[in-house]
């Protein structure tokens, strides 16, 4: 935001107005609703160059990274308990958790991209 304030006073730079994305899109929708020459896309928006991209949502990235770290720790503690205490290694539970973690990550990724 500080860079925006500085650039605002420099000649040659475009005029920029700081604001919330929601306000911008509401203004845009209001302006476009009065026009009949705006094309409408009906269906899924898909750009082949976006293949393999990740979510741009910082909060989701943090949550996914935390989930992966916690899952790794669960595996480490289970293996340590097995080695040090002779505890039973919860293979099925950990495998099921890994599958769920992977499935949730893929679903979140698809929701964000598509």
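The values are calculated or read from the model by the stated rules, or taken from the named source; none is laboratory data. Treat the numbers as computed from the prediction; the structure is a model and nothing was measured. All Cβ positions, glycine included, derive from the backbone under ideal geometry; neighbour counts span all protein chains shown.
Residues of the stretch 40-58 include none that is under 14 Å from the mean Cα position of the chain (by Cα), surrounded by 10 or more Cβ atoms within 10 Å (Cβ to Cβ), modelled with pLDDT of 80 or more and part of a helix (DSSP H, G or I). Pairs are defined by a Cβ separation below 7 Å, a sequence spacing of at least 6 or placement on different chains, a first member in the stretch 87-108 that is on the phi > 0 side of the Ramachandran plot, and a second member that is modelled with pLDDT under 75 and surrounded by 14 or more Cβ atoms within 10 Å (Cβ to Cβ); no pair meets this definition. Looking across the stretch 4-18, just one residue is surrounded by 10 or more Cβ atoms within 10 Å (Cβ to Cβ) and under 26 Å from the mean Cα position of the chain (by Cα), and that is 4. Could you tell me whether residue 1 is touching a helix residue (DSSP H, G or I) at 6+ places or on another chain (Cβ under 7 Å) and either at pLDDT 90 or above or exposed (fewer than 12 other Cβ atoms within 10 Å of the Cβ) (or both)? Judged against the criteria, residue 1 is not a match.
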